[in-house]
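Right, one structure below, let's go through it.
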Amino acid sequence: MDLKFVSCLLSVVELGSLAAAARAEGITASAVAQRVAALEAELKAPLLRRAGRVMQPTPQCRAVLPQLRRMVAMQESLAAALHLRDLAGPLRLGAVSTALGDYAPQLAAALRDQAPEVGLHLVPGASSTLYSAFEEERLDAAILVRPPFELPKTMQFKVLARQPVCLMRPEQAVPEAALPFIVYSRGSWGGAACWQVLSALVPEPEILAEADAPEMIAQMVQDGLGQAVLPDWAGRQARFPGLEVSVLAAPARDIGVLTWTRDAERPVIEFLLGQLTGRG
């Protein structure tokens, strides 16, 4: 089985279209379709079906996706082992949105200057989504909120920042003004913790909107649309200076980098951890 064909199939499954997969693989959409067709012929089963404008995996495809992902991951790990002492190859790094602003520019600059043969692929997402992608070995590392459960010994989580949970209001707001709350999504790991703090602060808050996007929430608060309980990240003050921020009596949010224990001596991961922790 040609793993380039498997990679094309996985790209279609993850991105939802032949055109998007073609851009990711650096080939034409017709070439992607031919590779998927070759896999279907080899496996003697349909692997994709169209649902409106989106390509979706068939039940047969879903049944073998974990094995196909492991095959591609094994190929990539073999390539990494062959270049164990070299800073080269892809680095697939997932990050929550606030961490992208806090860490990505400096990391990209360091890679450009010190490890130009490393190809950095940044993948934004919510912590739970990034954890799943990392668990399936679609990411090499992820900067996310500390998972609300015990990690397996095969993974390690290194804290990069402890972010206080704060009440954020428009700078010019009247102190007694009853502003509605813009809620950090209760379905996210970070948002669930903030909701517990908000519920204790205001038992029945008036909710204007709910979103899994702290930067957008901060912007709405700065625009005077409401107030919010959010973790305070490093780049917030520079981007949103028009906020009145009060630290609340609540546990801080840990942001850290999730890596595989087996990769502790992998050069690109050593480099990544050094840059993120200030040791690079």
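The values are calculated or read from the model by the stated rules, or taken from the named source; none is laboratory data. Remember, predicted model here, so these are calculated numbers, not experimental data. Neighbour counts run over all protein chains shown; Cβ positions are idealised from the backbone, glycine included. Surface areas here come from the heavy atoms of the whole protein model, side chains and all, with no ligands, DNA or RNA. Shrake-Rupley method; radii C 1.70, N 1.55, O 1.52, S 1.80 Å.
Straight-distance candidates among the lysines for linking to Lys4, with alpha-carbon spacing under 28 Å and chain neighbours fewer than 8 residues away dropped: Lys44. The Cβ shell under 14 Å around Ile217 holds other residues with a net charge of -1, Lys and Arg each +1, Asp and Glu each -1.
Note on Arg162 and Arg262: their simple-model spin labels are 3.3 nm apart, each label 7 Å out from Cα toward Cβ.
Within the shell of other residues whose beta carbon sits under 15 angstrom from the beta carbon of Pro124, the net charge comes to -2, with Lys and Arg scored +1 and Asp and Glu -1.
Suppose each label sits 7 Å from its Cα in the direction of the beta carbon; what would the Leu151-Gln67 distance come out to in nanometres? So the label points at Leu151 and Gln67 sit 3.1 nm apart. Can you give the longest stretch of the chain with no exposed loop site, where a site means GluC sites (Glu not before Pro) in a DSSP loop (not H, G, I, E or B) with at most 14 other C-beta atoms within 10 Å? It runs 1-116. Looking at the chain, identify the longest residue range that excludes and avoids all trypsin sites (Lys or Arg not before Pro) in DSSP loops having at most 16 other Cβ atoms within 10 Å. Between exposed loop sites, the widest span is 187-278. For the chain, the per residue solvent-accessible surface stands at 52 Å², with DNA, RNA and ligands left out and a 1.4 Å probe. Distances between placed amide hydrogens fall under 5 Å for Ser17 paired with Met55, all partners being 5 or more residues away or on another chain. Apolar share of the accessible surface for the range 119-220: 55 percent from carbon plus sulfur atoms, 1.4 Å probe. Summing charges over neighbours of Asp254, with a neighbour being any other residue whose Cβ is under 11 Å away from its Cβ, gives +4 when K and R count +1 and D and E count -1. Using only Cα positions of the range 189-280, each an equal point scatterer, no hydration layer, compute I(q)/I(0) via Debye at q = 0.16, 0.19 Å⁻¹ and quote the log10 values to two decimals. Listed by q, the Debye log ratios stand at -0.79, -0.95. At an R0 of 45 angstrom, the distance between the Cβ atoms of Lys44 and Glu210 translates into a FRET efficiency of 0.45.
Over the chain, dividing the summed -39,500 (n - 2.57) contributions of all DSSP H runs of at least 4 residues by the number of residues returns a 222 nm mean residue ellipticity of -13500 deg cm²/dmol.
Residue-normalised convex hull volume from the C-alpha trace of the range 1-149: 141 Å³ per residue.
Scalar couplings 3J(HN,Hα) for the range 114-124, obtained by applying the Karplus form with A = 6.51, B = -1.76, C = 1.60 to θ = phi - 60°, are 10, 9, x, 8, 8, x, 7, 10, 8, 10, x Hz; x denotes Gly and Pro. Note on the chain: Rg/Rh from Cα positions, Kirkwood definition for Rh, rounded to two decimals, is 1.03.
Annotation: amide H-H contacts under 5 Å for Ile143 (H modelled 1.01 Å from N, sequence separation of 5 or more, or interchain): Gly94, Ala95, Val96, Leu258.
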